[in-house]
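To start, the structure under review is shown below, and the notes come after it.
The values are calculated or read from the model by the stated rules, or taken from the named source; none is laboratory data. Computed from a prediction, not measured in an experiment: that's the story for all the values here. Please note: Cβ atoms are built from the backbone with ideal geometry, for glycine as well, and neighbour counts cover all protein chains shown.
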Amino acid sequence: MAQRQQIARQAARPPRAVRRRRLVALMIFLVVVAIVAIALLLALRTPPQRTVVGGGFGPSPIPTAAPLLTPSPAQSAVTPTTEPPTQTPIILVATPTAVVIDRGGVIADIKSTLRQETEIFVGERIIEASRLDGTWKDSLYGERILLIASGKTIAGVDLQKIRDEDIIISTDGLSITLNLPATEILVNTLDNQRTHRYSTQRGWLADNPDLETEARQKGEVEILKAACEVGIMEKSANSIKTGMTGFLRMLKFEHVSVNVAAGPCVAPPANPDTTITPTS
């Protein structure tokens, strides 16, 4: 009988795994309850009084004033005795900078190009040179050549001839007057590669080695003459005036006056380094 009762009690008792799960659930519930209780206590705790430290004499509470719930009409009509600060506009004043122009530097810049070639004339002329006297001797000693002379003439201004007094700069450095030398022929020469004989007539005993040299010299004269006829000197003066005006404006001059005249249309002095080589 007792044995049967013991067996019945064991059968009614839940298994061990079930009891363990129930115990774990109970512990989790208790932990959650404890956390919630601690959170409520922290939320209901009275915050500490704020203090301000000044002068090093220990903390002192900040005085609080009772709020004015309903302002009186007199108080609402009171205007502040001090106006709120307004922003003051910032005005930038440009300080004029003195313009200093080195007169000597301007002269050096202009002279640095040595000379200004502004107009080039290229042309060809047929030149006849002969040693004929109109007698029977021409068949023996006479000679006649036709030469096609090709050359060029260049006009411009020799800037090395500029004097100090030819450049006048105003005291404020904004105006300049430039008096240039007159234009001149800088180059007048033949192109030896393009200059050649067109035809030749010679006697049996003709011996005139300088005849072609004379023809070439006459060719230079004729080409220069043609350049003068088309107004190379006046064109050169206009070109140098325009070019030099633009150059001076690049140097920050606001008012520029360039004076230049057309010089005589004459050949330049002979260059001893230049030789005329006759073609064979």
**Criterion (touching a strand residue (DSSP E or B) at 6+ places or on another chain (Cβ under 7 Å), under 20 Å from Glu220 (Cβ atoms) and surrounded by 15 or more Cβ atoms within 10 Å (Cβ to Cβ)) met by exactly one of Glu128, Glu124** = Glu124
**Complete:** Residue pairs within 7 Å by beta carbon, gap of at least six or interchain, first lying in the stretch 170-194 and closer than 17 Å to Pro269 by Cα, second in a loop (DSSP other than H, G, I, E, B) and among the hydroxyl-bearing types (Ser, Thr, Tyr), listed first then second, are Thr189/Thr274
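Would it be correct to say that Ile145 is surrounded by 15 or more Cβ atoms within 10 Å (Cβ to Cβ), touching a residue at least 40 places away in the same chain (Cβ under 8 Å), in a strand (DSSP E or B) and of a type outside the set (Ser, Thr, Tyr)?
Numbers: surrounded by 15 or more Cβ atoms within 10 Å (Cβ to Cβ): yes; touching a residue at least 40 places away in the same chain (Cβ under 8 Å): yes; in a strand (DSSP E or B): yes; of a type outside the set (Ser, Thr, Tyr): yes.
Answer is yes for this residue.
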**Message:** Looking only at residues that are buried (at least 16 other Cβ atoms within 10 Å of the Cβ) and out of contact with any helix residue (DSSP H, G or I) (no Cβ under 7 Å at 6 or more places or on another chain) in the stretch 203-213, which one is modelled with the lowest pLDDT?
**Reply:** Asn208
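Pull up the stretch 231-259, narrow it to residues that are closer than 17 Å to Ser175 by Cβ and among the aliphatic types (A, V, I, L, M), then point me to the one that is surrounded by the fewest Cβ atoms within 10 Å (Cβ to Cβ).
Result: Met250.
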**Asked** Filter the stretch 153-175 for residues that are β-branched (Val, Ile, Thr) and modelled with pLDDT of 95 or more; which is surrounded by the fewest Cβ atoms within 10 Å (Cβ to Cβ)?
**Response** Ile154
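This table checks each residue for (1) of a type in the set (A, V, I, L, M); (2) more than 17 Å from Ala261 (Cα to Cα); (3) in a helix (DSSP H, G or I).
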{"site": "Ile168", "(1), (2), (3)": "yes, yes, no"}
{"site": "Asp172", "(1), (2), (3)": "no, yes, no"}
{"site": "Ile176", "(1), (2), (3)": "yes, yes, no"}
{"site": "Val187", "(1), (2), (3)": "yes, yes, no"}
{"site": "Asn192", "(1), (2), (3)": "no, yes, no"}
{"site": "Trp204", "(1), (2), (3)": "no, yes, no"}
{"site": "Glu212", "(1), (2), (3)": "no, yes, yes"}
{"site": "Gly219", "(1), (2), (3)": "no, yes, yes"}
**Item:** For Thr153: the one exception among (1) touching a Lys or Arg at 6+ places or on another chain (Cβ under 9 Å); (2) at negative phi
**Value:** (1)
